[in-house]
Amino acid sequence: MGRKILLVTTDQQRFDTLGCNGGTIARTPVADSLAATGYRYERAHPQSVVCMPSRSTIITGQHPSTHGVWMNGVALPVDAPSVASVLHQVGYRTAIIGKPHFEPFLDPFARFVENGFARSGVFTTTQPSSDGTAGPHRGFEHFESATHTGAGSLHYARWLADVHPEAVGMFYPVLDPELEVNALGGGDTGAPQVHDNPIPRDWYHTDWVADRTIAWLDSLAADDDWFCWMSFPDPHHPWDPPASELGRVDWREVPLPAGYIADVATRENVLDAKARHWRAWYDGRLVSNYEAPLRWVPATLTADQVREVNARNAVECELVDEALGRVLAAVDTRGWGDDVDVVFTTDHGELQGDFGLLFKGPYHVDGLMRLPLIWRPARSSSATPSTVTRPVGLVDLAPTFCAIAGLPVPSWMEGRPLPVDDHDADARGFERVLTEWDSVLFGVDVHLRTITRDGWVCTTYQPGHSHDGTEGELYDLASDPLQQVNRWDDPACAATRSDLLADLWDQQPPMRSPRRRVEAPV
Amino acid sequence: MLGSIRHEIRIRRSADDVWQLVGDAARLHEWFPGITSSPVDGTSRLITTDAGLPMPEEILVVDPVQRRFQYRLTSPMITHHRGTIDVIDLGLDVDGATCIVVYSTEADPRAMALVIGGGTAGALDELRRQMETAETEPPADDHRDDDV
């Protein structure tokens, strides 16, 4: 019997939303406890700051340029490499429960396998794996899905429609009638994507994901080894947690985030010093990507709206933390408590008020790139808790799972097993982490390549709709942790910039060719 | 807001052969993955998707000379839609007769163009597969996306 693996992901959660990372709004004792007894990473970055590419990186251990899911709406092929397949092939029981998002959700022609599971009443199918052998879909023998809403074709929506049909319409409509990300405001402040959701807490998707995870674990034999990816849809917008829970955090008492620049002139000067699409979005002149509401102008965002969004986000983080606590208790009840590695992270962050912005897009700053990442090794491994400050990436998760299972890391994985402390990181050369962005939306294309190394974040913009290929951003994380001073054109930083760019292009995998097709907006 | 999407694919069959299938409105479900039926009544066509969604359409152009097929979705949730399929003769090359099929979609709301456009791209792949079934393995991919 080997070590079991519980991968816990949330969606769009910032580093600073956990107490162990300095967060002060949400109470997250379960995640904090994992961090206190395991490894807490202070500089974990995604390889893409949107869902589908980032989740594809988690499962493949590859950068987006390699796995080819270069923007939301591009499907990860069913026979793409999968760490779940690797584990399943050596006898691990495997499941993903919650939000998968390897394939587009907008699917009127029902072309994508994962959207059809619930409709067909199944939890997996037999598919070819990347090595040509047949196996369960992406290596998961149990694939039970949910997303941010009660409507649709996924398992959670079907369950809600069957058991609590009156609740289906209680959620915020994520998309507006024109299928754009909704700009409709709500709550006390009229903030976009904020909504009072009357759904009872135990019908909400966070508790459902935990319930279904516990049910799957209960179906296993005591001596099974297992890999379970529990994937919470929250705290991604819409910010519509059960209304019964809103009293946990009074938005009027929520402090504004450090990255929120209250003075408008100062804020706009900071934006003007960044690549030009920042200010264009802020002013409502350009929405370059589908992930932000088309009809919302960030310059209209008020301080109170930021407070209310962050309060509701904190409520959602607390509910996730409590749900995780229930699952860990169930694991202990099964007698597995000493043999389970728990990895907690998210797919990408959220601007959440930084620079007067919300949501996400081609903006490679900490709000979107700095992620919570905790690895609590199985207690039986007698690991020494540590804080890892060196840069790591979600690309390192799949190799880590292989290492936990005692398997060699397949050659197609581009990451490495996570370091257990800074000494280990230095010994194995964890110097840098890469993040890339590509998007093409109705004639607007944006392309970023970013390296984080030696305390610097360096982003270069490739030619596109708003950029001629000379623009960039360079931030010194030590002296400018909020990334408000762009030193790209600072002569004093020219050598640093040159060195970082050389390293970036030396390390950046080439985009696969031909580029995979965009199948849907999301 | 209007969105416009174009997909195209090169097929190693004659334009006439491809048009035989593409120009027959009632046979759409034979090569468009995700559409289960496409009965035609005069200039009306009713497609039904695998998701069970009925989508009424009006056929606008069936031009066997230009090899152009044009239609529009008439669902009230779509302010404007125009689908255009062109089969363009490329003549003979070393592999024999070839043609290019261009499938264009414009729609308001624009997001519908992306959603429908993803389906049309899949349809082009299937069309080529069917048309080249007797052929050797097709090239890796000469499919391009434009104007997304």
Where in region A:418-522 are the strands (runs of 3 or more DSSP E), entirely inside, with at least 1 residues that are within 14 Å of chain B (Cβ to nearest Cβ)? A:432-441, A:444-453
Considering only region A:78-94, I want to know if a residue exists there that is within 14 Å of chain B (Cβ to nearest Cβ) and crowded, with 23+ Cβ neighbours inside 10 Å. no
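What number of residues within region A:354-384 are part of a loop (DSSP other than H, G, I, E, B), of a type in the set (D, E, K, R) and farther than 19 Å from A:Ala183 by Cα?
Total meeting the criteria: 1.
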If I go through region A:110-144 residue by residue, how many of them are closer than 18 Å to A:Met52 by Cβ, within 11 Å of chain B (Cβ to nearest Cβ) and either part of a loop (DSSP other than H, G, I, E, B) or in contact with a Leu (Cβ under 6 Å, 6 or more places away or on another chain) (or both)? 2
Condition test on A:Leu220, is it at pLDDT 95 or above and in a helix (DSSP H, G or I)? no
Yes/no for A:Leu351 being among the aliphatic types (A, V, I, L, M), over 16 Å from A:Arg252 (Cα atoms), outside any helix (DSSP H, G or I) and more than 18 Å from the chain's Cα centre (by Cα): no
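Considering every residue within region B:61-71, establish whether at least one is in a strand (DSSP E or B), away from every other protein chain (no Cβ under 14 Å), among the acidic types (Asp, Glu) and under 23 Å from B:Arg128 (Cβ atoms).
Let us first name the residues in region B:61-71 that are in a strand (DSSP E or B), namely B:61-63, B:68-71.
Next cut, away from every other protein chain (no Cβ under 14 Å) only: B:61-63, B:68-71.
After this cut, where a residue has to be among the acidic types (Asp, Glu) as well, the list is B:63.
From the residues that got through so far, the ones that are under 23 Å from B:Arg128 (Cβ atoms) too are B:63.
Yes: one or more hits.
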Members of region B:63-87 that are crowded, with 16+ Cβ neighbours inside 10 Å, of a type in the set (Val, Ile, Thr) and touching a residue at least 24 places away in the same chain (Cβ under 8 Å): B:Ile78, B:Ile85, B:Val87
When only residues in region A:93-123 that are in contact with a strand residue (DSSP E or B) (Cβ under 7 Å, 6 or more places away or on another chain) and on the phi > 0 side of the Ramachandran plot count, which is modelled with the lowest pLDDT? A:Ala110
Please identify the pairs in which a residue from region A:139-162 that is farther than 30 Å from A:Val90 by Cα and among the β-branched types (Val, Ile, Thr) has its Cβ atom under 7 Å from the Cβ atom of a residue that is part of a strand (DSSP E or B) and modelled with pLDDT under 95, counting only partners at least 6 apart or on another chain. none
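Just need a number here: residues in region A:174-188 that are more than 14 Å from chain B (Cβ to nearest Cβ) and in a loop (DSSP other than H, G, I, E, B). Lay out the reasoning, then the answer.
From region A:174-188, those more than 14 Å from chain B (Cβ to nearest Cβ) are A:184-188; that's our starting set.
Of the ones still in play, those that are also in a loop (DSSP other than H, G, I, E, B) are A:184, A:187-188.
Counting residues in region A:174-188 that are more than 14 Å from chain B (Cβ to nearest Cβ) and in a loop (DSSP other than H, G, I, E, B) gives 3.
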Search result, residues across region A:215-262 that are surrounded by fewer than 21 Cβ atoms within 10 Å (Cβ to Cβ) and of a type in the set (Gly, Ala, Ser): A:Ala215, A:Ser219, A:Ala221, A:Ala222, A:Ala243, A:Ser244, A:Gly247, A:Ala258, A:Ala262
Is there a residue in region A:150-167 that is away from chain B (no Cβ under 14 Å), assigned to a loop (DSSP other than H, G, I, E, B) and among the charged types (D, E, K, R)? no
So, in region A:455-476, of the ones that are surrounded by fewer than 21 Cβ atoms within 10 Å (Cβ to Cβ) and without any contact (Cβ under 8 Å) to a residue 40 or more places away in the chain, which residue ends up farthest from A:Pro509 (Cα to Cα)? A:Asp476
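Quick check: is even one residue across region A:194-208 touching a residue at least 40 places away in the same chain (Cβ under 8 Å), crowded, with 21+ Cβ neighbours inside 10 Å and in a strand (DSSP E or B)? Steps first, please.
In the first step, residues of region A:194-208 are kept if they are touching a residue at least 40 places away in the same chain (Cβ under 8 Å); the result is A:194-201, A:203-208.
Subsequent filtering for residues that are crowded, with 21+ Cβ neighbours inside 10 Å retains A:194-195, A:197, A:199, A:204-206, A:208.
From what is left, the residues that are in a strand (DSSP E or B) are A:194, A:197.
Yes, region A:194-208 contains a residue that is touching a residue at least 40 places away in the same chain (Cβ under 8 Å), crowded, with 21+ Cβ neighbours inside 10 Å and in a strand (DSSP E or B).
The values are calculated or read from the model by the stated rules, or taken from the named source; none is laboratory data. These numbers were taken from a predicted model, which means no experiment stands behind them. All Cβ positions, glycine included, derive from the backbone under ideal geometry; neighbour counts span all protein chains shown.
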